[in-house]
Amino acid sequence: MAGGTEAPRVVEDCRGVLQVLSDGTTVRSAAAPYTVEDRDDGRVEWRDAVYHAAHGLGVRMYRPARREGKGKARLRLPVLAYFHGGGFCIGSRAWPSVHACCLRFAHELPALVLSFDYRLAPGPADGSGSDEDVQSWLADSGADPGRLFVSGDSAGANIAHHMAARFGAAGLDLVKIAGYVLIMPAFTSEAPTQSELGSRGSAFLSRDVAERYNRLALPAGANKDYPLMNPLGPDSMGLGPVGGRVLVVVGGDDMLKDNQVRYVDGMKAAGNDVELAVFAGKEHGFFSRDPWSETSGEVVRVVGRLGRDAADSTGVGGQD
């Protein structure tokens, strides 16, 4: 090199969409690491908004399209807040896979879906969107305040768990959460489990890929028992504070399966209302990577039953 200056080299690469260079620079690609079929056929209306301008964080809002000839009244619908996966390092509400999951939830549940971006490691987040008022959107869409659910896939499921735990610990009752949906949460542990040791190196989430996520996402000096990753770890607040109903979706061939099942067992031991749904033969991320499959359709139906149970218990719903 001229002048003896060495060009920065790639020291970490995460699925080709995030690279960390030797000088500390973070390079992100807007492209998703995989594609899914586009079925955005107008049955669901959606638009983008900004919910945190300082960090440029956006939300994509979905609602079933109003049918012609059915009058102006909308059915009161549950609200599903959704956090995408990506090891806390990658992912976006705009990724085709995330978009497809939310389209399917909105149409088939049916529900109002809010798909949130959040700050990613390492470095600050990018964002875009309009100034649409989220509250106005919900009010105009017929949101049912008695049926608010918080959900997420992989790392997003960890966020959903920590919301449940922190809301419960703080006694926050300004917003009533009817339930939480944890789709293949990215729960880890410093001690390897049998499902981790027996996982295939070619799996979508392999031990090598998981270690890469951990290096990028965890604070310096932290290990896989860090509370963000291990809700049963020595420094975690425990599962006692978790409130509301919790559904945990597990892939039978997910390397994280043992920690996910251990979480469910711990929730039961703490006296929490938890349900486990295992999908045999499925790897980590099967829902977001193949959102139009029959198996993913069954995930949507399981989530729908949780919503209907909440409606039955509160006695709310119907038309405005």
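One residue stands out in the stretch 149-166 among those that are over 13 Å from S236 (Cα atoms) and open to solvent by 20 Å² or more (accessible area, probe 1.4 Å): the one that is modelled with the lowest pLDDT, namely M163.
Remark: pairs (first residue in the stretch 252-265, of a type in the set (S, T, Y); second residue surrounded by fewer than 21 Cβ atoms within 10 Å (Cβ to Cβ) and in a loop (DSSP other than H, G, I, E, B); Cβ separation under 7 Å; 6+ apart in sequence or on different chains) = Y263/L232.
Looking at D253, D258, D290, which one is within 30 Å of L75 (Cβ to Cβ) and either at pLDDT 95 or above or open to solvent by less than 10 Å² (accessible area, probe 1.4 Å) (or both)?
On the way: D253 fails: within 30 Å of L75 (Cβ to Cβ); D258 fails: within 30 Å of L75 (Cβ to Cβ).
One residue alone meets the criteria, D290.
From D254, D235, grab the single residue that is within 19 Å of G156 (Cβ to Cβ) and not in a helix (DSSP H, G or I). It would help to see each step written out before you state the result.
Details: D235 fails: within 19 Å of G156 (Cβ to Cβ).
None of the other options fit; the residue is D254.
Among what's in the stretch 121-148 and is hydroxyl-bearing (S, T, Y) and open to solvent by 10 Å² or more (accessible area, probe 1.4 Å), pick the residue that is modelled with the highest pLDDT. That would be S136. Within the stretch 220-231, residues that are at negative phi have Cβ atoms under 6 Å from residues that are hydroxyl-bearing (S, T, Y) in these pairs: K224/T188; K224/S189; P227/S236; M229/T188; N230/T188; N230/S189, counting only partners at least 6 apart in sequence or on another chain.
For the stretch 71-83, indicate whether the set of residues that are more than 23 Å from C14 (Cβ to Cβ), under 16 Å from the mean Cα position of the chain (by Cα), aromatic (F, W, Y) and at pLDDT 95 or above is non-empty. Give the steps one after another, and end with the answer.
Restricting attention to the stretch 71-83, the residues satisfying the condition of being more than 23 Å from C14 (Cβ to Cβ) are 71-81.
Then keep just the ones that are under 16 Å from the mean Cα position of the chain (by Cα); that gives 79-81.
Still in the list and also aromatic (F, W, Y): none.
Among the residues of the stretch 71-83, not one is more than 23 Å from C14 (Cβ to Cβ), under 16 Å from the mean Cα position of the chain (by Cα), aromatic (F, W, Y) and at pLDDT 95 or above, which makes the answer no.
For the stretch 91-117, filtering for residues that are under 15 Å from L138 (Cβ atoms) and among the polar types (S, T, N, Q) leaves 1.
The values are calculated or read from the model by the stated rules, or taken from the named source; none is laboratory data. A quick note: this is a predicted structure, and the numbers were derived from the prediction, not measured. A quick note on method: Cβ atoms are made from the backbone with ideal geometry, for glycine too, and the neighbour counts reach across all protein chains shown. Ligands, DNA and RNA are excluded from the accessible area calculation, which covers all protein heavy atoms including side chains. Shrake-Rupley method; radii C 1.70, N 1.55, O 1.52, S 1.80 Å.
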